[in-house]
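These notes concern the structure reproduced below.
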Amino acid sequence: MVESEEKWKEKYQHLKKLDDLILQCISCGDCRETTDYTNDPQKWGVCVAREHTSGFEPFFGRGKMQIIRSLVQGKLELSKDMSDVIFQCPTCNACSEACAYEIPTVAYYEALRAELVDAGYGLEAHVPMNQAMVELLNPYGRDNKEKSSWLEKLDFKVKDASKEKADILYFVGCTAALTPDIQTVAVNTAKVLNKLGVDYAVFGDREVCCGSVAMRTGDRKAFNTVSEKNYEMFKKMEVKKIITSCAGCYRTLKVDYADILEDLNIEVLHTVEFLLELLKEKNIQLKNLGINTTYHDPCHTGRHAGLYEEPRELLRKIANITEMKTIKEAAMCCGAGGGLKKGFPELSLEMAKSRVQEAEETGAENLVSICPFCYRNLSDAIKALDSNIKMVDLLELIYQALN
């Protein structure tokens, strides 16, 4: 018995907001058929969840869309078993790129996750993470005062956004601010901005998590809590331009905050977008470092936001690039996103290993990206594989090229 539209919309408050295309999927299988990774847009099919799990229907796009359709038709009920499958996905958006009907699949997966969380079927591994985000303002369960520790590594002062006005807010993000090995992302970003004479400020230990992990893992209450805090902080600062060197923060602020920030008229840019424009405007030449690199497209800057050429344009100015087999829209996901690294760490690491091995095939000594979370997971894979390739954030190379 198919449930009436009124009944299922009352039952599934998150899915009802996306009802337009729920029945659009025709189960053609384009999101799963290609197992040979290729750069040919006609042969996209880079579902890392399918490649690294059992490969059964629920683990890739067609199956997940069928689950959603069956829910609204009253043929299935939410359950713990469903949750265990639905969360084994990094929400990389490759299935959406492959879809001839342009179904925004990840939006549906995230809505389904929100339904599961509200029904009490969220992953237990995600609960402390999202709780810490609300109570401590970061998902790592750390004292938020530690978010200013990276500033101590600078030999110059950075404006405090909560006290001083600046043209630009640099939104650091929790991973770059709190992870010792990845603080170099924040440090090099600040050094580059300072060297170029940019008027910018940071919130330091007052910075509130953007809420990306909560949105990806279905905890809308946690997301709404931190997004409202950020809205008030941005409004008080009267900021008009936000830059970030974190792909997750970029996607969240640019896409998930779009409606929230509409009345504030704030422009959100990844640091590489901002720097490319600034370097051209000031006619500043970067030194070619003469190193061999390959570039990894983070899903949150790439498939989620279309940022492909800007990082490559900057990288070409300072290094030699040999592209991997899968790039841009067809790039293999590193496996860190969508709460996967927290919920299924072994699966996440296996995905990262595949990406590192693909990078090794290029012969490059450096694997470059613009995402602290990709940096973290790919670095873990490099260590696990005992690989000689080096993980590098693009801002580190830009800073070297400016000196």
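Per-residue answers, yes or no, for (1) farther than 17 Å from ALA331 by Cβ; (2) crowded, with 24+ Cβ neighbours inside 10 Å:
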position: MET65; (1), (2): yes, yes
position: LYS75; (1), (2): yes, no
position: SER79; (1), (2): yes, no
position: MET82; (1), (2): yes, no
position: PHE87; (1), (2): yes, yes
position: PRO90; (1), (2): no, yes
position: SER96; (1), (2): no, no
position: ILE103; (1), (2): yes, no
position: ALA107; (1), (2): yes, no
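GLU115 - would you say it is closer than 16 Å to GLY248 by Cα, in the same structural domain as ASP20 (by TED's automatic domain parsing) and at pLDDT 95 or above?
For GLU115, the condition - closer than 16 Å to GLY248 by Cα, in the same structural domain as ASP20 (by TED's automatic domain parsing) and at pLDDT 95 or above - is not met.
Per-residue answers, yes or no, for (1) surrounded by 23 or more Cβ atoms within 10 Å (Cβ to Cβ); (2) touching a residue at least 40 places away in the same chain (Cβ under 8 Å); (3) under 20 Å from THR252 (Cβ atoms); (4) among the small types (Gly, Ala, Ser):
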| site | (1), (2), (3), (4) |
| --- | --- |
| ASN265 | no, no, yes, no |
| GLU277 | no, no, no, no |
| GLU281 | no, no, no, no |
| HIS296 | yes, yes, yes, no |
| ARG303 | yes, yes, yes, no |
| GLU310 | no, yes, yes, no |
| THR326 | no, yes, no, no |
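Tell me whether segment 159-177 contains one or more residues that are more than 18 Å from MET237 (Cβ to Cβ), in contact with a Lys or Arg (Cβ under 9 Å, 6 or more places away or on another chain) and in contact (Cβ under 8 Å) with a residue 60 or more places away in the chain.
yes
Report every pair of residues separated by at least 6 positions or lying on different chains whose Cβ atoms are under 7 Å apart, first residue within segment 46-59 and assigned by TED's automatic domain parsing to the domain that holds CYS95 and at pLDDT 80 or above, second surrounded by fewer than 24 Cβ atoms within 10 Å (Cβ to Cβ) and among the acidic types (Asp, Glu).
Close Cβ pairs (under 7 Å, with a partner that is surrounded by fewer than 24 Cβ atoms within 10 Å (Cβ to Cβ) and among the acidic types (Asp, Glu)) amount to HIS52/GLU350.
I'd like to know if segment 14-30 contains one or more residues that are of a type outside the set (A, V, I, L, M), at pLDDT 80 or above, surrounded by 15 or more Cβ atoms within 10 Å (Cβ to Cβ) and under 24 Å from GLY120 (Cα atoms).
yes
What's the number of the condition ASN194 fails, among (1) surrounded by fewer than 21 Cβ atoms within 10 Å (Cβ to Cβ); (2) of a type outside the set (A, V, I, L, M, F, W, C); (3) touching an Asp or Glu at 6+ places or on another chain (Cβ under 7 Å)?
(3)
With (1) assigned to a helix (DSSP H, G or I); (2) more than 21 Å from THR175 (Cα to Cα) as the list, and ASN320 as the residue in question, which single condition is left unmet?
(1)
Considering segment 189-211 alone, what residues qualify as being touching a residue at least 60 places away in the same chain (Cβ under 8 Å) and under 23 Å from CYS299 (Cα atoms)?
THR189, VAL208, CYS209, GLY211
Residues are listed down the side, and each one gets a yes or a no for (1) part of a loop (DSSP other than H, G, I, E, B); (2) within 19 Å of VAL106 (Cα to Cα):
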residue	(1), (2)
LEU253	no, yes
LEU269	no, no
PHE274	no, no
THR293	no, no
GLY302	yes, yes
ARG316	no, no
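For the structure I just gave you, tell me whether ILE370 is touching a strand residue (DSSP E or B) at 6+ places or on another chain (Cβ under 9 Å) and either assigned by TED's automatic domain parsing to the domain that holds ALA177 or surrounded by fewer than 24 Cβ atoms within 10 Å (Cβ to Cβ) (or both).
no
Tell me, which helices (runs of 4 or more DSSP H) lie completely within segment 123-226 with 3 or more residues that are closer than 28 Å to LYS282 by Cα and touching a helix residue (DSSP H, G or I) at 6+ places or on another chain (Cβ under 8 Å)?
Per the criteria, 183-195.
On the basis of being small (Gly, Ala, Ser), closer than 28 Å to LEU193 by Cβ, free of Cβ contacts under 8 Å to residues at least 40 places away in the same chain and not assigned by TED's automatic domain parsing to the domain that holds ASP181, does GLY337 make the cut?
no
Kindly indicate which of ALA352, ALA384 is surrounded by fewer than 24 Cβ atoms within 10 Å (Cβ to Cβ), of a type outside the set (D, E, K, R) and either in a helix (DSSP H, G or I) or in the same structural domain as TYR257 (by TED's automatic domain parsing) (or both).
ALA384
Quick one: which residue in GLU164, GLU152 is modelled with pLDDT of 95 or more, out of contact with any Cys (no Cβ under 6 Å at 6 or more places or on another chain) and surrounded by fewer than 14 Cβ atoms within 10 Å (Cβ to Cβ)?
So the residue among GLU164, GLU152 that is modelled with pLDDT of 95 or more, out of contact with any Cys (no Cβ under 6 Å at 6 or more places or on another chain) and surrounded by fewer than 14 Cβ atoms within 10 Å (Cβ to Cβ) is GLU152.
Would you please name the residue that is surrounded by the most Cβ atoms within 10 Å (Cβ to Cβ), looking only at residues in segment 230-246 that are in a loop (DSSP other than H, G, I, E, B), more than 17 Å from the chain's Cα centre (by Cα) and not basic (Lys, Arg)?
VAL239
The values are calculated or read from the model by the stated rules, or taken from the named source; none is laboratory data. The structure presented is a predicted model; accordingly, all values stated were derived computationally and were not measured. Virtual Cβ from ideal backbone geometry, glycine too; neighbours counted across all protein chains shown.
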